[in-house]
Amino acid sequence: MVIAETPRLLLREFSSDDVGALAEIIGDPKVMEFSTNGPCTEDDTRQFIDWCLDSYRDHGFGQWAIIDRLSGSIIGFCGLSHVELDGAQETEIGYRLAPSIWGQGLASEAAGAALEYGFSHCGIDSIIAIIATRHVVSTGVAEKVGFRIDTRTKYRGWDVLIYRKRHAVTTGAA
């Protein structure tokens with residue numbers, strides 16, 4: 001199922017057929033340098049996709065495949081997940097893209113579409129991004145799509161910045 005379309009990308013639900021293509025991306029140590037899970041094996045990737053499928057069913061959202069509209073290829077993932085952070089339940093945005101397309105603004109494009117879906121279709125009012133303090137590129141993506149630093153904390157043993165974006169609700173004047 002297609003979740004969102006942008007000029008260059010489609011975000012769609014994963015299927016079990018996506019394991020091989022995604023494993024090539026999230027098995028790359030460069031892609032997973034700032035992931036607390038590290039590089040993924042094909043079996044890890046299968047489990048990740050199963051977790052995504054469960055999340056779609058249970059929550060109406062999850063991590064979605066990012067598809068390049070021109071080639072039809074999977075170039076990464078971006079989406080929303082439930083996470084416990086410092087004792088509170090939060091909704092987190094995450095994104096990972098193939099190194100061959102880094103630097104083209106595609107992470108921001110995908111993140112913007114995922115945020116819009118979360119706010120408009122899922123009724124979420126606040127979304128966070130958990131970013132390792134050393135991950136300058138990811139902080140740039142978060143800031144570009146409207147996140148602002150909320151706090152610093154430890155997450156799975158890492159020093160992280162917590163960025164937050166709230167749904168802007170507009171009200172009409174009477």
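The values are calculated or read from the model by the stated rules, or taken from the named source; none is laboratory data. Note that the structure is predicted; figures quoted are calculated from it, not measured. Reconstructed Cβ throughout: ideal geometry from the backbone, glycine too, with neighbour counts over all protein chains shown. Please note that ligands, DNA and RNA were not included when accessible areas were found on the heavy atoms of the full protein model with its side chains. Shrake-Rupley method; radii C 1.70, N 1.55, O 1.52, S 1.80 Å.
Cβ-Cβ contacts under 6 Å between residues 6 or more apart (or on different chains), taken from a first residue in segment 46-73 that is farther than 9 Å from F14 by Cα to a second residue that is among the basic types (K, R), are listed as R69/R8.
Looking only at segment 9-67, residues that are in contact with a Pro (Cβ under 6 Å, 6 or more places away or on another chain) and aliphatic (A, V, I, L, M) come to 1 in all.
State yes or no: is L22 open to solvent by less than 70 Å² (accessible area, probe 1.4 Å), in a strand (DSSP E or B), in contact (Cβ under 8 Å) with a residue 40 or more places away in the chain and of a type outside the set (V, I, T)? When the stated conditions are applied, L22 does not pass them. Pairs linking a residue in segment 5-17 that is modelled with pLDDT under 95 to a residue that is surrounded by 12 or more Cβ atoms within 10 Å (Cβ to Cβ) and assigned to a loop (DSSP other than H, G, I, E, B), with Cβ atoms under 7 Å and 6 or more positions apart or on different chains, do not occur.
Of the set (1) of a type outside the set (D, E); (2) farther than 23 Å from H59 by Cα; (3) open to solvent by 30 Å² or more (accessible area, probe 1.4 Å); (4) in contact (Cβ under 8 Å) with a residue 24 or more places away in the chain, all apply to H121 but (2). Please work out which one of (1) more than 22 Å from G27 (Cα to Cα); (2) open to solvent by 30 Å² or more (accessible area, probe 1.4 Å); (3) in contact with a strand residue (DSSP E or B) (Cβ under 8 Å, 6 or more places away or on another chain) is the condition W158 fails and give its number. The one condition W158 does not meet is (1). Among the candidates D43, D68, D86, the residue that is loosely packed, with under 13 Cβ neighbours inside 10 Å, acidic (D, E) and at pLDDT 95 or above is uniquely D43.
Pairing each residue of segment 152-169 that is among the basic types (K, R) with any residue that is open to solvent by less than 70 Å² (accessible area, probe 1.4 Å), provided the two are 6+ apart or on different chains, yields C-beta distances under 6 Å for R152/L161; R156/T36; R164/I128; K165/I127; K165/G146; K165/F147; R166/S126. Scoring G103 on the criteria (1) in a loop (DSSP other than H, G, I, E, B); (2) in contact with a strand residue (DSSP E or B) (Cβ under 7 Å, 6 or more places away or on another chain); (3) without any contact (Cβ under 8 Å) to a residue 12 or more places away in the chain leaves a single failure, condition (2). Residues F48, F34: which one is touching a strand residue (DSSP E or B) at 6+ places or on another chain (Cβ under 8 Å), open to solvent by 20 Å² or more (accessible area, probe 1.4 Å), closer than 24 Å to F147 by Cβ and not in a loop (DSSP other than H, G, I, E, B)? Every option except F48 fails the conditions.
Checking the stated criteria, F14 turns out to be open to solvent by less than 50 Å² (accessible area, probe 1.4 Å), more than 27 Å from E143 (Cβ to Cβ) and hydrophobic (A, V, I, L, M, F, W, C).
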